[in-house]
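Participant: A single structure is presented below for examination.
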Amino acid sequence: MTDDTATRPAPRSHDALSPFELGLARFLENRLAVASAVVVVLFVAAAIFAPWVAPHDPDEADLFRRLQPPAWLGGEWAHPLGCDGLGRDIVSRLVYGSRVSILVGVLVVAIATAVGILAGLAAGYLGGLVDRLVSGLVDVLLGFPYLIFAIGLMAMMGPGFQNIILALVYKEWVVPCRIVRGETLVARELEYVEAARSLGASGRHIMLREILPNIVSPVVVVATVRIAQVIILEASLSFLGLGVQPPTASWGSMVADGREFLIDAWWVSTFPGLAILVLVLAINIVSQGLRDAFDPRIQA
């Protein structure tokens, strides 16, 4: 028998791993965070493949099935979670409603994070008038409660998918902006930035190529948390009738549709409310796991 131990590659030591690989290994050791990540992936997969996952047309109404209870309470097994006040299948509307909540959360946070990064880098690195203008605008926006600010904008612009994206982005960018500005104020005095400046690198190069890669970890973690917050805000606006309009399925509007049936048909509001709770909780646990795994200040 040939001994191949001499030719077998030695396992990489802990110190030989890159920072990303170390963070990923720490994250995978967190079983609760990994399980929550699986839950988030299942929600995303259901949203992407909604036409194949949903058992029925989410807008198909049948008054003969009005307020039909879940299957285990005497309803039909074809509608395991029951039907709403118009006889529409709740499972199908939950699946299609996940599209609205997840898409709004991802789009709003992606756009706001991009704007906040650029504004925070400029304010933190350039300082002076730019910093005063950006910081002043951030302070003004932070003076308004987020939900009331969004309600006011939606009242002016009118309900709709595009308008809810704009209404939430208008204030959401201040969160990554504050983080990036603070990190940039620290990073611009560090040796590697001074070295790049002494070599004649432009301010744009220093901000985007030197500073940004070194401060992106906390921004990613905060962006993950903000997705959960935006999902709650979208559901709140839809609950108030200011989000996407019927017959488009939305978890917030589904909760609102069941308000008058809370005693006799509790399932109409309960299941979309549970969907919001489970998804938001899972995202928050994942973001906490990412922070614990990738934040160097915690590992120090």
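Each reported figure results from applying straightforward, stated rules to the coordinates on display, with no laboratory input. Everything numeric here is computed off the predicted structure, so don't read it as measured data. Every residue, glycine among them, receives a Cβ derived from its backbone with ideal geometry; neighbour counts consider all protein chains shown.
Participant: For the stretch 33-55 and the stretch 187-236, compute the distance between their C-alpha centroids and round to whole Å.
Facilitator: Distance between centres, Cα-based: 30 Å.
Participant: Let me ask you something else. Which ³J(HN,Hα) values in Hz, rounded to whole numbers, follow from the phi angles of the stretch 109-120 under the Karplus curve 6.51 cos²θ - 1.76 cosθ + 1.60, where θ = phi - 60° and Gly and Pro get x?
Facilitator: These are the phi-based 3J(HN,Hα) values: 5, 5, 5, 5, 5, 4, 5, x, 5, 5, 5, x Hz.
Participant: Indicate the gyration tensor shape class of the chain (rounded, prolate or oblate), computed on the Cα atoms with a ≥ b ≥ c the square roots of the eigenvalues: a/c under 1.5 is rounded; otherwise a/b larger than b/c is prolate and the rest oblate. Write out the running numbers ahead of the final one.
Facilitator: Numbers: a/c = 3.23, a/b = 1.44, b/c = 2.24.
In terms of gyration-tensor shape, oblate.
Participant: Please find, in a Gaussian network model of the chain (springs between Cα atoms separated by less than 10 Å), the residue of SER250, SER202, SER236 whose mean-square fluctuation is greatest.
Facilitator: SER202
Participant: Given an 8 Å cut-off on Cα distances and at least 6 residues of separation, report the relative contact order of the chain as a percent.
Facilitator: 24 percent
Participant: Sticking with this structure for a sec: For the stretch 185-196, take each phi angle, set θ = phi - 60°, evaluate the Karplus expression 6.51 cos²θ - 1.76 cosθ + 1.60, and give the result in whole Hz per residue in order, putting x for glycine and proline.
Facilitator: Coupling constants for the stretch 185-196: 4, 6, 5, 5, 9, 7, 5, 5, 6, 4, 5, 5 Hz.
Participant: Still on this structure, I have one more. Using only the alpha-carbon atoms, how far is helix 19-29 inclined from the longest principal axis of the chain? Give it as 0 to 90 degrees, nearest 10.
Facilitator: Helix 19-29 and the main axis of the chain meet at about 40 degrees.
Participant: Continuing with the same structure: For the chain, with a Gaussian network of springs between Cα atoms less than 10 Å apart, report the residue from ASP89, ASP139, ASP257 with the top mean-square fluctuation.
Facilitator: ASP139
Participant: On to the next question. About its Cα centre, how strong a charge dipole does the stretch 165-282 have in debye, to the nearest 20, once Lys and Arg get +1 and Asp and Glu get -1 at the Cβ?
Facilitator: The dipole of the stretch 165-282 has a size of about 380 debye.
Participant: Now for a different question. Sum -39500 (n - 2.57) across every DSSP H segment of at least 4 residues in the chain, then divide by the residue count to get the 222 nm mean residue ellipticity, nearest 500. Let's see the in-between values first.
Facilitator: Working: 13 runs with 198 residues, N = 300.
The helix-only estimate for the chain comes to -21500 deg cm²/dmol at 222 nm.
Participant: Let me ask you something else. Under a GNM of the chain (C-alpha, springs under 10 Å), which listed residue has the highest mean-square fluctuation: LEU94, LEU133, LEU242?
Facilitator: Evaluated over the chain, the most mobile residue of the options is LEU133.
Participant: What is the distance in Å between the Cα centroid of the stretch 157-186 and that of the stretch 57-91?
Facilitator: When both Cα centres are located, 39 Å separates them.
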